[in-house]
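Undergrad: Questions regarding the structure given below will be posed in turn.
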Amino acid sequence: MAPRSPEIPVATRILLVRHGLSSFNLEGRIQGRENDSQLSAAGEIQARQLGEALRELPLTAAWCSPLQRAQRTAELLLESQGGGLTAVASEGLLEIDLSPWAGLKREELRQQFPREEQLWQQSPAEFQLQRADGSSYYPVRELHAQAQAFWQELQRQHPPEQDHSVLVVAHNGILRCLLLAALGLPVSDFNRYAINNCSLSVLNLRPGGQLQIESLNTTSHLGEPLPSRRKGPRLLLVRHGETHWNREGRFQGQIDIPLNERGQAQAAAAGDFLREVPLDRAYTSSMARPRQTAEAILNQQPQPVPLTSCPGLVEIAHGEWEGCLEEEIREGWPELLSAWQASPHTVEMPGGETIQQVWDRSVASWQQIVAGLNDGETALVVAHDAVNKTILCYLLGLGPADIWAVKQGNGGVSVIDYGPGGSGQPVVASLNLTGHLGGVLDRTAAGAL
């Protein structure tokens, strides 16, 4: 792929942060809009840690929920950054309204409201509660509408043309709904994401309203490489390290270019990052650059891990574009290149594949890998930019037209969790973690695939 035009320039960067660990979090109580929950001592440390990690990025604006746990997180984070900026409190960032449940411990909730609690877990968009006056309401649907309104206001206040870096500190539920609003996804997708305390998610908003997810739910700045997992299988999806052609911006496709020196270092860094994560199985594209990356990661595992080659995970075939620079392609196929950058799902490159063809084979390979895993097992999957983007779009509820909405850095790690037996809707627990490559932002090459 030629991600240069779709990938850059970044005009407005939105930094989504969940508040630090709160008193109610520690006690296992339902919070919602309850404002008695305070930022704990551990949560204050988390806020300072993230502020320190973000020192490299000058912030131009900050917003926060008016609830005290979010306000305190924003205050400490901005202090650690050096001060000079104050977060604006907005009711558009209030957490979900769970007033009838507020303060209950989770076991009390399951005992007193078993049917409602099960619906809340399995079908949150259909979940109802009753207000004090006896009227019924849908908390998640209301939160989704609230998030859509705030997202529109955020874009109005910080248009991409002004090149802003905007901090948004809020809560688990509202941040999930903000992601849905930004991606244009329905409220039924509420459970597709995990948002940990004081995690960082980065959205890049470009002129014309194009959105790119740079990362989701990064916690490495807290000394927690990966978020806590569910009881079912976990998969770690990794893009191969850098090649010389990545650096030059050449279209690689299915030409078997190996890692360059920087790519080898990225692969080794990913291996060190995952050293304490026991891997049970590993899968790779049959091409050299992902296989070299997978081997570098597995070499740092304490026990041998079987590595399986999957032909369905090979990179997109660019046909006559392979080996070419973007400017060379523009000379020969200007209209087709423009279509590729604007509407990639409509393009079949001369002698190459369509995104739909890549989608079909990569998602089928992914599903086959998931079906072969046991509960509690962790599998490593190493592939390519286009392949990873199609898999992640599938997991996020997006389509082939949306591949530019997902960033995949060389050596970046994404984490996907399934329920017992691989059942239920998969959860994207983290996306494009690159902290092991230096800093909380993705600084890897933006060259072609």
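Undergrad: Select from the stretch 410-433 the residues that are modelled with pLDDT under 95 and out of contact with any helix residue (DSSP H, G or I) (no Cβ under 7 Å at 6 or more places or on another chain) and list them in ascending order.
TA: Listed by number, the residues that qualify are 419, 420, 421, 423, 424.
Undergrad: Does residue 339 satisfy the criteria of being in contact with a helix residue (DSSP H, G or I) (Cβ under 7 Å, 6 or more places away or on another chain), in a helix (DSSP H, G or I) and in contact (Cβ under 8 Å) with a residue 40 or more places away in the chain?
TA: Judged against the criteria, residue 339 is not a match.
Undergrad: Turning to a different aspect of this structure: Considering only the stretch 392-405, how many residues are closer than 11 Å to residue 210 by Cα and out of contact with any Asp or Glu (no Cβ under 8 Å at 6 or more places or on another chain)?
TA: Within the stretch 392-405, residues that are closer than 11 Å to residue 210 by Cα and out of contact with any Asp or Glu (no Cβ under 8 Å at 6 or more places or on another chain) number 2.
Undergrad: Answer yes or no as to whether residue 394 is aromatic (Phe, Trp, Tyr), outside the structural domain of residue 215 (by TED's automatic domain parsing), surrounded by fewer than 22 Cβ atoms within 10 Å (Cβ to Cβ) and in contact with a helix residue (DSSP H, G or I) (Cβ under 6 Å, 6 or more places away or on another chain).
TA: In short, yes.
Undergrad: Could you tell me whether residue 207 is outside the structural domain of residue 341 (by TED's automatic domain parsing), surrounded by fewer than 18 Cβ atoms within 10 Å (Cβ to Cβ) and either at negative phi or in contact with a helix residue (DSSP H, G or I) (Cβ under 9 Å, 6 or more places away or on another chain) (or both)?
TA: Yes, satisfied.
Undergrad: Only one of 354, 378, 293 is under 25 Å from the mean Cα position of the chain (by Cα) and closer than 27 Å to residue 210 by Cβ; which?
TA: 354
Undergrad: Further question: Please give the strands (runs of 3 or more DSSP E) falling wholly within the stretch 233-329 in which 1 or more residues are crowded, with 18+ Cβ neighbours inside 10 Å and in contact with a Leu (Cβ under 7 Å, 6 or more places away or on another chain).
TA: Qualifying strands (runs of 3 or more DSSP E): 234-239, 281-284.
Undergrad: List pairs: first residue in the stretch 161-176 and within 25 Å of residue 21 (Cβ to Cβ), second residue part of a loop (DSSP other than H, G, I, E, B) and acidic (Asp, Glu) anywhere in the structure, Cβ distance under 7 angstrom, at least six positions apart or on different chains.
TA: Listed by first residue and then by second, the contacts come to 171/95; 173/95; 174/95.
The values are calculated or read from the model by the stated rules, or taken from the named source; none is laboratory data. This one's a predicted model, so the numbers in the text were calculated from it and none came from an experiment. Cβ: placed from backbone, ideal geometry, glycine included. Neighbour counts: every protein chain shown.
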